[in-house]
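Below is one structure, written out as structure tokens; the observations come after it.
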Amino acid sequence: MLFASWGSLLIVALLELARERRPLARSPLRRWASNLTLGWLNRWTVGWLVPVGAFAAAHWAEAGGVGLLNLFELPTSLVALSTIVLLDLAAWAEHRLSHALPWLWRLHRVHHADPDLDFSTTHRHHPVAAAFTGGVRAGAAVCIGATPVGVLLYYLLRGPVDAFAHGNIRLPAGFERALRGIVVTPDFHAVHHSAARRETDANFSALFSWWDLWFGTGCAEPKGGVAGMALGLEGFRESRDLDLDRLLWQPFRSEGVSGDEKACAQAGE
């Protein structure tokens, strides 16, 4: 699972070198150092709670016959597949909630305040946000009646797709359009990192893109296009805001509450 997360990050970084989508606005070394250090800090403190907590909760639910899927006599393969799909639905709902509740947004905006978007942004999350996510995913696993195998498969899929979605990668247009109908692609997720709040509050999907298409939260393209879009959040654009200490303190600052209100093209159009 560690390789699925960090190994895929290396692959995405190499793809960015070959097929860069947008020129970076800042010199990357300072960003990379802070973003990746924050990722490792999370990994060895609270980040492990997300997959491990969900796996342990699924094991407990399965042993006790607790949760939705344990109410039915289903084939093992169908339970595992249902676990993957329902965990991803829970991730979509949690992500949307993180934008709707002010105190959760303060934690989550550490991820959104990155002035560029590339492989390193994948692990730019505040430790308290990571701990909250771990608790939510464990609770979701119990409610779903998730199977441990399904949880394991979900995170083996989620790690590479998460890194891919944050990648600054230019895909062939036809391939990107076809792929985004199933999973989250770099262009689809880039809209979510727009400086415009209406665009930031769209494209919440983590693994399967169809949640945004079904629930009306999808945005096909930002105003002005993906290649030239403004990224990050106003109020966090100083060079010092790239440093690790500022990232850890950021939820307690009052800046960056909202961005420019631009319209986006609906994903179904």
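The values are calculated or read from the model by the stated rules, or taken from the named source; none is laboratory data. Treat the numbers as computed from the prediction; the structure is a model and nothing was measured. Don't worry about glycine lacking a Cβ; one is built from the backbone with ideal geometry, like all the others, and counts go over all protein chains shown. Protein only, heavy atoms only, side chains kept; ligands, DNA and RNA dropped before computing areas. Shrake-Rupley method; radii C 1.70, N 1.55, O 1.52, S 1.80 Å.
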Above 12 angstrom, tally the Cα pairs of the stretch 195-249 and express them as a % of all pairs, no decimals. 72
Working from Cα positions, state the angle (0 to 90°, nearest 10) between the long axis of helix 8-18 and the longest principal axis of the chain. 30
Given a 1.4 Å probe and every protein chain left where it sits, what share in percent of the accessible area of the chain is carbon and sulfur? 68
Scaled to the compact-protein estimate 2.2 N^0.38 Å, what is the alpha-carbon radius of gyration of the stretch 1-71, rounded to two decimal places? 1.64
Between the helical axis of 49-64 and the dominant principal axis of the chain, each derived from Cα atoms, what acute angle in degrees is found, rounded to the nearest 10? 20
When all C-alpha to C-alpha distances in the stretch 139-186 are sorted into bins of 5 Å, what percent of pairs does each bin hold, rounded to whole numbers? 5, 18, 20, 19, 14, 12, 8, 5, 0
Largest-first ellipsoid semi-axes for the stretch 1-125, taking √(5λ) over the Cα gyration tensor eigenvalues, angstrom: 33, 18, 14
5 Å-binned pair-distance histogram of the chain (Cα, whole percent): 1, 6, 13, 17, 19, 18, 13, 7, 3, 2, 0, 0
Which values of log₁₀ I(q)/I(0), to two decimal places, follow from the Debye formula for the stretch 60-156 at q = 0.10, 0.14 Å⁻¹ with a uniform point scatterer at every Cα? -0.33, -0.60
Using the heavy atoms of the protein chains alone and a 1.4 angstrom probe, what is the accessible area of the stretch 6-101 per residue in square angstrom? 55
Explain nothing, just the number: relative contact order of the chain, from Cα pairs under 8 Å at least 6 residues apart, as a whole percent. 27
Given a 1.4 Å probe and heavy atoms of the protein chains only, how would you sort THR122, THR76, largest accessible area at the top? THR76, THR122
Relative to the longest principal Cα axis of the chain, at what angle does helix 76-100 sit, 0 to 90 degrees, rounded to 10? 40
Between the stretch 201-228 and the stretch 1-52, what is the C-alpha centre distance in whole Å? 22
For the stretch 110-240, average projected area of the Cα convex hull in nm²: 9.0
Kirkwood estimate for the stretch 170-224, i.e. one over the average of 1/r between Cα atoms, Å: 11.1
Which whole-number value in Å² is the accessible area per residue of the stretch 122-246, probe 1.4 Å? 36
Taking Rh as the Kirkwood radius computed over C-alpha pairs, what is the Stokes-Einstein D of the stretch 57-110 at 10 °C in a medium of viscosity 1.306 mPa s, expressed in µm² per second? 122
The chain - charge dipole about Cα centre, Lys and Arg +1 at Cβ, Asp and Glu -1, debye rounded to 20: 400
